[in-house]
Every structure is written in structure tokens, then in C-alpha cells.
1. Can you give me the relative contact order of region 54-147 as a percent, contacts being Cα pairs under 8 Å and 6 or more apart?
2. Let me know the shape class of region 75-147, please: from the alpha-carbon gyration tensor, a ≥ b ≥ c as square roots of the eigenvalues, rounded when a/c is under 1.5, otherwise prolate if a/b is greater than b/c, or oblate.
3. Take peptides 14-25, 70-81, 126-137, 47-58 and line them up by average Cβ neighbours within 10 Å, highest first, as a rough protection proxy.
Amino acid sequence: MSNQILLLSGPNLDQLGIRSPEIYGTETLAQHVTRFTSGATEHGFTVQHLQSNFEGDLIEAVRDARATSFAIVINAGALTHTSWALADALATFDGIKIEVHLSNPAAREPYRHVSTLAGVVDGTIAGFGSLSYTLALDAVRHKHTPA
């Protein structure tokens, strides 16, 4: 079995650090990915990261992950609230699936209270800022049972 985690970052996450720092913090996506990858490496995992502003790219990455990864950690950004197609793709992935958010969508605008992904992921971690990614990695580690 693969030891790879697919880390997916949705639309506008490439703007972390400059977009709404009062909500998302000042760290860049690259900083989040570096910390996640470093933590994963410490536990014998590899990480493939993809950020895209295009829904289809994320869907294809989930499809391809069926052959390459044992887990997906996904921050789908605003697609969390709108993409049934991404939810359908995630439903076809048999590995560990963790949804992650820097902010707490349930404490924000009403349209952010719904996650189209919630029904197909193992769990959601939200509202802990950069710690959210660390907690997501911990969740993957605890759910992972090597072959």
C-alpha cells in the first residue's frame, strides 16, 4: 500500500497570507504545506500537494489518488459549500478522507454552514487556524492501519 497523502487545496487558497488575514491568518499556503509535509515525513508518509482554482482539477486529482494515495486531506475552500461533483469524486476514494478548514465555517455566513463534503469524509477539522492542518495529519495517522 502507498504511504502517500494527497493534500488538496481549493480555490483562492493560493491567496493565503494576503486574503482576509483576520479570518485565515498571515501564513501562506506554502508555509502550511511545508509544515504538513514535514510532519508527514516524520511519520514515514510522503505528500503530494495540489492547489487549483478549478473544480475539475481537484476532481481529477481525487480520481487519480485511488491508485497513488492512502489518504486525502482536503481544504476545498468555497467548493466545500457548492460542489456535489467533488463530493461524488471523494465518495469513490476508499482511503482516509479528512476535510480541513482554517476558519470555522459554522461560525461564519449562513451559506458556509453547509458542507457538501461532510457526508463522504471521515471527519472535519475546522477553526484552529494553522493548527487545523496539524490536527488533520494527526487524524490521518490515527486512522491509518498499515498493510
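1. Values: 141 pairs, mean separation 27.0, N = 94.
The value is 29 percent.
2. Values: a/c = 2.84, a/b = 1.24, b/c = 2.30.
Verdict is oblate for region 75-147.
3. Values: 14-25: 13.9, 70-81: 23.4, 126-137: 18.8, 47-58: 17.1.
Highest to lowest by the protection proxy: 70-81, 126-137, 47-58, 14-25.
Values quoted throughout were computed directly from the atomic coordinates according to the rules given, and no laboratory measurement underlies them. Keep in mind that what you see is a predicted model, and the values were worked out from it rather than measured. Virtual Cβ from ideal backbone geometry, glycine too; neighbours counted across all protein chains shown.
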